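To keep things clear, I will list the structure first and then write my remarks on it.
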Amino acid sequence: LELEAGLHRALEQHEFLLHYQPKVELERGRVIGGEALIRWRHPVIGMIAPGDFIPLAEETGLIVQIGEWVIETACQQIKARQTAGLAEVSISVNLSGRQFQQENLVQLVKQALAQNDVAAQHLELEVTESAIMQNPERTIAILRELKEVGVKLSLDDFGTGYSSLNYLKRFPIDTLKIDRSFVRDITSNPEDAAITNAVISLAHSLKLSVIAEGVETEAQLEYLRRNQCDQMQGFHFSRPLPPEDFAEMLRSGR
Ligand code: G
Ligand code: G
Ligand code: NA
Ligand code: MN
């Protein structure tokens with residue numbers, strides 16, 4: 001109950017912030033985007049990771065308001081970087097299944113883009129298979145509308161949900177994100193390597209791009225590069241960064 005009251009206060013008192021984890025294209029090693037990841041700067045406890053409050057926010061429905069704040073803030077910060085003349089990258093935002101139950105998700109995405117004068121292609125939305133499968137018909141219909149707005153869509157944590165390939169072909173997505181549980185032992189576990197290669201082939205056959213998350217070592221990076229993975233994200237390249245540090249990374253071009 002205390003945590004729930006805390007979440008309400010956090011929204012009112014502006015205690016949330018976004019960090020950005022760079023996404024790197026494997027061919028040349030350039031930063032081509034970033035994933036926005038929410039943090040809660042609690043006045044007493046200090047920094048709280050999303051894993052410790054997003055589940056409660058989903059249960060209580062507060063994720064709808066928090067998610068609105070995330071989308072608006074991500075768009076404001078995209079605009080701020082463009083105004084500062086930094087390399088244009090696409091920024092992804094995570095959506096919970098619960099946010100597809102709200103009435104006006106498409107409208108609020110459109111509004112956040114318009115109010116900040118941000119082109120839709122610079123915003124990407126990450127959705128998990130599990131979130132889609134909470135209500136597949138409704139969610140797929142909304143994803144189609146979002147696609148029409150022009151935002152990019154990616155399927156997060158791919159391989160850990162329970163949707164069938166029959167559903168996959170109906171998701172109007174641009175990118176598959178290989179879950180980090182497959183990437184972790186990619187160089188030592190033949191099954192994980194086989195699954196990862198199969199996902200890369202599947203993505204490319206469906207004309208989707210593919211990104212591996214949780215890349216922590218040079219050996220994993222080399223494996224993914226050899227096997228034609230398009231992009232990577234992970235501690236090997238960078239942890240999620242405060243906006244200023246992410247901007248600095250774009251400025252210095254590394
Ligand atoms: O940054 P960290 O590894 O602690 O993130 C943990 C989880 O929280 C991840 O699954 C991530 O997708 C989720 N998460 C981070 N930011 C957001 C957000 O803004 N909205 C939602 N719904 N989930 C988020
Ligand atoms: O669930 P989601 O795919 O949104 O996960 C994003 C989370 O993954 C973030 O909380 C981020 O901190 C974490 N993460 C990012 N890179 C790595 C990594 O290389 N290793 C591990 N273990 N976690 C990572
Ligand atoms: Na994500
Ligand atoms: Mn993921």
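What follows is calculated from the coordinates using simple rules that are stated; it is not laboratory data. In this text the structure is predicted, and so the values were computed from the model without any measurement. When we count neighbours, we look across all protein chains shown, and the Cβ atoms used for this are built from the backbone with ideal geometry, even at glycine.
In this model, which of Lys23/Lys152; Lys169/Lys207; Lys79/Lys177; Lys110/Lys169; Lys23/Lys169 are farther than 20 Å apart at the alpha-carbon?
Details: Lys23/Lys152 14 Å; Lys169/Lys207 11 Å; Lys79/Lys177 25 Å; Lys110/Lys169 25 Å; Lys23/Lys169 25 Å.
Going by Cα-Cα distance, Lys79/Lys177; Lys110/Lys169; Lys23/Lys169 fall outside the 20 Å limit.
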(request) Apply 1/(1 + (r/R0)^6) to the Cβ-Cβ distance of Ala5 and Ser205, taking R0 = 41 Å, and write down the FRET efficiency to the nearest 0.05. (result) 0.25
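Expressed as a rounded percentage, what relative contact order does region 2-252 have, with Cα pairs under 8 Å and six or more residues apart? Show your work: numbers first, answer last.
Values: 409 pairs, mean separation 49.2, N = 251.
For region 2-252, the relative contact order is 20 percent.
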(message) Using the alpha carbons of the chain, what is the convex hull volume per residue in cubic angstrom, as a whole number?
(response) 132
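How big, on average over all directions, is the shadow cast by the Cα convex hull of region 112-254, in nm²? If you can, show how the numbers build up before the last one.
Working: hull surface 39.1 nm².
Average projection, Cα convex hull of region 112-254: 9.8 nm².
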(message) Let me check the size of region 45-126 from its C-alpha atoms; what are the radius of gyration and Dmax in Å?
(response) 13.7, 40
(request) Calculate the all-directions average of the projected area of region 25-167's alpha-carbon convex hull, and give it in nm². (result) 10.4
(message) Run the helix sum for the chain: -39,500 (n - 2.57) per DSSP H stretch of 4+ residues, divided by residue count, reported at 222 nm to the nearest 500 deg cm²/dmol.
(response) -13000 deg cm²/dmol
(request) Run the quick spin-label model on Gln101 and Ala114: label points 7 Å from Cα toward the beta carbon, then report their separation in nm to one decimal. (result) 2.8
(message) What are the membrane-span-like helices in the chain by this rule: whole DSSP H runs, Cα extent along the axis at least 27 Å, mean Kyte-Doolittle hydropathy at least -0.5?
(response) 63-83
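In region 2-252, what percentage of the DSSP-assigned beta bridges are antiparallel, given to the nearest 5?
Numbers: 15 of 37 bridges.
Taking every DSSP beta bridge with both residues in region 2-252, the antiparallel ones total about 40 percent.
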